[in-house]
Amino acid sequence: MLHVLIVDDEALARQRLRFLLESLSEFPCVVQEAASVAAAQQHFKAAQVDLMLLDIQMPGTSGIEWARALQAGKGAPVVVFVTAHAEFAAEAFDLQAADYLTKPVRLERLRQALRRAMQLRPDAAMAAQAVAAQPPQEDFLCIQDRHRTVRVPIQEVLCCRAELKYVTVVTASRQYLLDESLNGLQQRFPQHFLRVHRSALVARGAMRGLVRSLAPQDGECWSLTLAGTTETVPVARRMLATVRAQLRGSSVA
């Protein structure tokens, strides 16, 4: 179990980091928060801290100043700097930070930072074994929805569409916006999702039929109908054989 302390004077920034950490089930952790360096110092006296997600510019003592003071002592936690100011990167790495994240933090970048942080822990070998021992798949998506965090069971997800910076997750009852890539979802849930288009994943069990249409500019086009929703999903030509085989109940490499 990784003990993480988020140190940031902005409540929304702390909330977002907490939400992202909860989304990374391969890194089970206990998360605490502090709104200033002074509050974080008090926390250090009372609880274990393995990793600190540390903002740089805060009222009073800055994150850089405190990280320098911690480095001079013993038993310092692994530090990942989180800031809106990229110009501090060189100084941060001089302090042997595990990583340097710029706001707004993306899920994949936080995942990378946690992997680096795990390697820098004194018990890195044991930590790596613990991560490897985690189940290869979780059974839900953790989604931030209107200032609250909801868990959507993966079996309820019918398809996912890439749209600009986010992914639209479609269930039979509603849609959600998820801050993750289609590639990440495909890697996490390979048994549930099939990539049918560069912009779409579909649940294998929800696939119902192929629909052919003709477009004036593109010519022949194909889309996939799904159970539980009136939405259709575009199918790339190179994926037609795979989709047909899946509909027949066959397996395709």
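Among Asp99, Asp139, Asp8, Asp179, sorting on how many other beta-carbon atoms sit within 10 Å of each Cβ, with the fewest leading, yields Asp139, Asp179, Asp99, Asp8.
Expressed as an acute angle from 0 to 90° and rounded to the nearest 10, what is the orientation of the C-alpha long axis of helix 37-46 relative to the principal long axis of the chain? That helix lies at roughly 90 degrees to the long axis.
Taking the square roots of five times each eigenvalue of the Cα gyration tensor of the stretch 140-248, the equivalent ellipsoid has semi-axes of 25, 15, 13 Å, listed largest first.
The lysines within cross-link reach of Lys74, meaning a Cα-to-Cα straight distance under 23 Å and a gap of 8 or more places when in the same chain, are Lys45.
Among Leu24, Leu182, the order by Cβ neighbours within 10 angstrom, fewest to most, reads Leu24, Leu182.
The relative contact order of the stretch 140-248, computed from alpha carbon pairs under 8 Å that lie at least 6 residues apart in sequence, is 18 percent. Taking the longest Cα principal axis of the chain as reference, the axis of helix 11-23 is set at about 60 degrees.
Cβ crowding within 10 Å ranks Leu101, Leu21, Leu12 as Leu12, Leu101, Leu21, fewest other Cβ atoms first. Averaging 1/r over every pair of different alpha carbons in the chain and inverting the result gives a Kirkwood radius of 20.4 Å.
For the chain, the relative contact order is 11 percent, taking Cα pairs closer than 8 Å that sit 6 or more residues apart in sequence and dividing their mean separation by the residue count.
Mean residue ellipticity, 222 nm, helices only, the chain: the sum of -39500 (n - 2.57) across DSSP H runs of n ≥ 4, divided by residue count and rounded to 500, is -9000 deg cm²/dmol.
Every number in this text was worked out from the coordinates using simple rules, so none of it is lab data. None of these values were measured; they are calculated from a predicted model. Cβ: placed from backbone, ideal geometry, glycine included. Neighbour counts: every protein chain shown.
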